[in-house]
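What follows is a short report on a single structure.
The values are calculated or read from the model by the stated rules, or taken from the named source; none is laboratory data. Quick caveat, the model's predicted, so the values are computed rather than measured. Ideal geometry is used to build each Cβ from the backbone, glycine not excepted, and the neighbour counts take in all protein chains shown. Surface areas here come from the heavy atoms of the whole protein model, side chains and all, with no ligands, DNA or RNA. Shrake-Rupley method; radii C 1.70, N 1.55, O 1.52, S 1.80 Å.
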Amino acid sequence: MNNYECITCIVNHGYTDLVMESAKKAGATGGTVLSARGTGNKEISEFFGVKVTPEKDIVLILVPKAIRDKVLTSVNEGAGMTTKGMGIAFSMPVSDVVGISGPETTSEEHKD
């Protein structure tokens with residue numbers, strides 16, 4: 001059974017602390033930061049009056065499925081589009097997890 005979700009947050013460069021502080025308040029224990037470059041439609045960014053910065057950071061946060069909604073809500077409040085981070089977040093199911101410890105990672109088929 002799938003017990004984990006990967007929450008992906010894309011924020012303006014330099015605002016990963018906003019993401020992680022918010023995620024930890026909701027029960028996440030850590031994340032991985034990747035550097036990225038965004039692309040956008042210039043006409044849309046000018047139309048909405050939003051400055052699109054190409055430098056982005058991506059934060060990947062693996063969480064138990066049970067707290068996914070709480071973490072997504074918290075990240076949106078702390079680093080979402082209405083903040084300096086101007087972030088978006090989404091989750092994807094994770095089919096298998098190795099390398100972390102905790103009750104959710106132990107299943108009968110993986111025991112020695």
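Worth pointing out:
- Of all residues in the range 62-95, those satisfying the criterion of being closer than 12 Å to ILE10 by Cβ and open to solvent by less than 60 Å² (accessible area, probe 1.4 Å) are VAL75, ALA79, GLY80, GLY85, MET86, GLY87, ALA89.
- Of residues in the range 96-112 being of a type outside the set (D, E, K, R) and either open to solvent by 100 Å² or more (accessible area, probe 1.4 Å) or part of a helix (DSSP H, G or I) (or both), the one modelled with the highest pLDDT: VAL98
- Scan of the range 17-41 for residues that are under 10 Å from LYS56 (Cβ atoms) and assigned to a helix (DSSP H, G or I), ordered by number: none
- The listed residue being part of a strand (DSSP E or B) and modelled with pLDDT of 90 or more, out of VAL59, VAL75, VAL71: VAL59
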